[in-house]
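Student: The structure's right below; bear with me while I get my questions together.
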Amino acid sequence: MTDFWWKSAVVYQIYPRSFADADGDGMGDLRGIINHLDHLAELGVDVIWLSPIYTSPQDDNGYDISDYRDIDPLFGTLEIFDELLRGVHERGMKLIMDLVVNHSSDEHAWFAESRSSIDNPKRDWYWWRPAREGMEAGTPGAEPNNWGSVFGGPAWEFDQKTGEYYLHLFSTKQPDLNWENPEVREAVYDMMRWWLDRGVDGFRMDVINMISKDVALPDGRIKAGSLYGDGSDAYINGPRNHEFLREMHERVFAGRPGMLTVGEMPGVTVDEAKLFTDQSRGEVDMVFQFDHVWADRGDDPWLLVPLKLTVLKGILGRWQAGLAATGWNSLYWNNHDQPRAVSRYGDDSPEHRVASAKMLGTVLHMQRGTPYIYQGEELGMTNYPFASIADFRDIEALGQYAQAIEFEGRTPEQVLTVLRARGRDNARTPMQWSAEAHAGFTTAHPWLPVNPNYLSINAADERDDPDSVFHYYRRLIELRHTEPAVADGDFTMLLPNDERLYAFTRRLAGTELLVIGNFTAEPVRADIPDAAAWSSAELLLTNLATPPGDDLTLGPWQAVVYRR
Ligand code: GLC
């Protein structure tokens with residue numbers, strides 16, 4: 001038995017606006033989720049993480065919240081939410097909410113007050129600063145510092161009313177909350193307790209390693225070809241980050257065992273993650289690190305760097321080793337901010353899509369940590385064939401495109417090439433439920449087009465097909481539940497210098513598992529110690545009809561899990 005239930009659990013992420021539309025407005029909603037809970041129960045996941053459903057102007061699809069204690073009418077009501085939560089619990093699953101408290105919406109009542117006057121009691125709830133010394137407020141270059149925002153443009157917005165600027169690391173409609181102010185922190189904790197009292201089982205914490213800033217807000221280094229300074233040294237894992245998370249833990253989670261907390265932490269290092277997830281420190285249970293999803297991005301954001309398997313294994317192996325004794329890993333290939341796993345790390349051609357999607361699932365789910373499945377990944381859904389920038393809806397894609405073309409001298413084709421491969425809208429096209437119109441997602445015009453491949457990739461077909469990605473994922477989840485070495489075993493990487501095979505063992509007491517994934521469309525022999533003995537061990541799982549022979553030669557995109 002593991003010490004924490006989430007060590008043998010699998011989490012499923014729902015992006016509500018793209019999951020299922022029940023009220024026929026082209027946008028997913030809570031009733032749509034309720035209608036499809038059996039899909040998730042059949043898959044066997046333990047936890048559902050809902051991307052934000054709170055009241056929001058939807059500038060960043062709900063990651064801009066104007067009321068933390070209500071449901072956006074697009075998605076439903078608190079009553080429907082309670083019904084959803086009951087439906088989840090009745091099926092033996094748990095539900096965690098997205099907690100977006102690095103920033104609120106500029107339409108939140110807190111910000112309306114804060115911006116109303118310099119001496120408003122909530123002025124200090126956000127980061128207000130006068131213009132740079134000697135500069136005229138509101139003129140170009142007069143921003144308090146040189147930081148750029150993640151979605152393009154400066155990280156400061158001038159506010160006519162009081163003649164000062166406010167900080168927004170994301171869009172202008174996402175002003176950063178000032179966590180230095182204890183009232184802000186207490187307001188957040190109170191809201192979190194309110195949701196836990198309602199019955200939710202924990203939180204996924206949005207960019208939670210950005211909440212503490214160096215209060216001097218110093219200029220950042222300007223990289224070649226870039227317009228703005230990179231302020232991340234001052235706000236990634238800032239001076240009081242650990243203190244704030246410990247305080248949150250005490251104020252919110254004390255006396256409530258069994259909750260799950262996962263911190264989204266772009267730029268977090270292994271050493272920091274060890275501290276964040278050390279249970280004796282009481283901060284969070286696990287973090288989302290970004291090293292492996294940034295491995296194919298170079299210094300120039302508008303150049304695609306081909307990903308080498310040795311680099312990927314180096315990164316994930318370092319995370320496995322780093323958190324082996326203290327702390328815990330989250331495992332993910334994709335989410336609502338990343339392109340589709342099979343298109344990025346596998347081969348989404350009709351010939352290899354199914355095999356490579358299963359192989360990727362195997363390599364991830366058999367590692368030590370808690371796996372996260374993003375909606376549609378269990379079907380092997382792929383990237384979308386974007387024709388032009390007009391096909392994108394994501395504020396990040398549109399903002400970065402405008403900045404790159406208008407101010408940084410890039411060509412539309414260069415930027416589009418990267419957005420096609422990496423853009424977040426790849427993950428946000430509607431869930432493909434069936435071969436009916438609009439993939440069964442909606443009866444109306446969907447807010448983002450359905451991938452045209454829904455006729456051959458959809459849940460209805462896959463649930464009927466025992467060889468589908470869906471049923472393979474079901475077995476992967478089942479293995480985590482039933483084989484203790486998957487949840488608790490130690491991890492040893494094999495063949496670190498091999499560019500074609502991802503191979504490792506897991507060991508617990510007398511049981512050893514061998515996992516190998518072939519990242520190519522060619523047969524490859526696994527040159528590991530003991531190959532012959534392993535080839536006659538019990539084959540727990542493979543994704544091709546033919547098992548590897550005595551010499552352990554894996555077929556195209558083949559994955560194997562042996563046990564002895
Ligand atoms: C996180 C979310 C992303 C959002 C950003 C700002 O990275 O996952 O979707 O745009 O934070 O809230």
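The values are calculated or read from the model by the stated rules, or taken from the named source; none is laboratory data. Given the structure is predicted, the values throughout are model-derived calculations rather than measurements. Ideal geometry is used to build each Cβ from the backbone, glycine not excepted, and the neighbour counts take in all protein chains shown. Please note that ligands, DNA and RNA were not included when accessible areas were found on the heavy atoms of the full protein model with its side chains. Shrake-Rupley method; radii C 1.70, N 1.55, O 1.52, S 1.80 Å.
Student: Rounded to the nearest whole Å³, what is the per residue volume of the convex hull around the Cα atoms of the chain?
Tutor: Looking at the chain, the number lands at 144 Å³ per residue.
Student: Given a 1.4 Å probe and every protein chain left where it sits, what share in percent of the accessible area of the stretch 489-563 is carbon and sulfur?
Tutor: That share works out to 50 percent.
Student: Give the angle, between 0 and 90 degrees and rounded to the nearest 10, that separates the Cα long axis of helix 78-90 from the longest principal axis of the Cα atoms of the chain.
Tutor: Helix 78-90 sits roughly 20 degrees off the main axis of the chain.
Student: Taking amide H positions as placed 1.01 Å from N in the peptide plane, with prolines and chain starts having none, which residues 5 or more places from ASP230, or on another chain, fall under 5 Å of its amide H?
Tutor: Amide H neighbours of ASP230, under 5 Å, 5+ apart: GLY220, ARG221, ILE222, LYS223.
Student: While we're here: With a 1.4 Å probe and all protein chains in place, put MET205, MET259 in order of accessible area, largest first.
Tutor: Sorted descending by solvent-accessible area, the residues read MET259, MET205.
Student: Compute the acute angle (0 to 90°) between the alpha-carbon long axis of helix 469-482 and the principal axis of greatest extent of the alpha-carbon atoms of the chain; round to the nearest 10°.
Tutor: 90
Student: Where only protein heavy atoms count, and the probe is 1.4 Å, what is the accessible area per residue for the stretch 103-176 in Å²?
Tutor: 42
Student: In the stretch 241-320, which trypsin sites (Lys or Arg not before Pro) fall in coil by DSSP and have 14 or fewer other Cβ atoms within 10 Å?
Tutor: Filter output for the stretch 241-320: LYS308.
Student: Moving on to the next point. Just the number, please: carbon plus sulfur as a percent of the accessible area of the stretch 92-247, 1.4 Å probe, no ligands or DNA/RNA counted.
Tutor: 49
Student: Where only protein heavy atoms count, and the probe is 1.4 Å, what is the accessible area per residue for the stretch 489-563 in Å²?
Tutor: Per-residue value: 43 Å².
Student: To check you understand DSSP bridge types, tell me what percent of the beta bridges within the chain (both residues inside) are antiparallel, rounded to 5.
Tutor: DSSP beta bridges in the chain are roughly 60 percent antiparallel.
Student: State which entries of LYS122/LYS161; LYS173/LYS274; LYS94/LYS274; LYS213/LYS274 exceed 23 angstrom in Cα-Cα distance in the structure shown.
Tutor: Table pairs above 23 Å Cα-Cα are LYS173/LYS274; LYS94/LYS274.
Student: May I ask for the net charge around ARG428, where only other residues with Cβ less than 9 Å from the Cβ of ARG428 are counted and Lys, Arg are +1 while Asp, Glu are -1?
Tutor: On the way: positive: ARG17, ARG393, ARG424; negative: ASP394, ASP425.
Residues near ARG428 contribute +1 overall.
Student: Moving to a separate point now. Hey, any idea what % of the stretch 275-351's accessible area is carbon plus sulfur with a 1.4 Å probe? Intermediate results must be reported in sequence, preceding the final value.
Tutor: Working: 1540 of 2890 Å².
Summing carbon and sulfur atoms, their accessible area is 53 percent of the total for the stretch 275-351.
Student: Inverting the mean 1/r over all pairs of different Cα atoms, compute the Kirkwood radius of the stretch 258-348 and quote it in Å. Don't skip to the end; give the middle numbers.
Tutor: Values: mean 1/r = 0.0701 Å⁻¹.
Evaluated over the stretch 258-348, this radius sits at 14.3 Å.
Student: On full extension of the chain, what length is gained from GLU478 through VAL215, given 0.36 nm per residue of separation minus the C-alpha to C-alpha distance?
Tutor: Using 0.36 nm per residue and subtracting the Cα-Cα distance, I get 89.9 nm.
Student: Using the heavy atoms of the protein chains and a 1.4 angstrom probe, tell me the accessible area per residue for the stretch 291-398 in square angstrom.
Tutor: For the stretch 291-398, the solvent-accessible area averages 31 Å² per residue.
Student: Could I ask something else about it? Using the basic label-point model (7 angstrom from Cα toward the beta carbon), what is the THR411 to GLU42 distance in nanometres?
Tutor: 4.8
Student: Assign unit charges at the C-beta atoms only (+1 for Lys and Arg, -1 for Asp and Glu), then state the dipole size of the chain relative to its Cα centre in Debye, rounded to the nearest 20.
Tutor: 1060
Student: Run the helix sum for the chain: -39,500 (n - 2.57) per DSSP H stretch of 4+ residues, divided by residue count, reported at 222 nm to the nearest 500 deg cm²/dmol.
Tutor: -8000 deg cm²/dmol
Student: Roughly how many whole Å is it from the C-alpha centroid of the stretch 343-398 to that of the stretch 15-91?
Tutor: Using only Cα atoms, the two centres lie 22 Å from each other.
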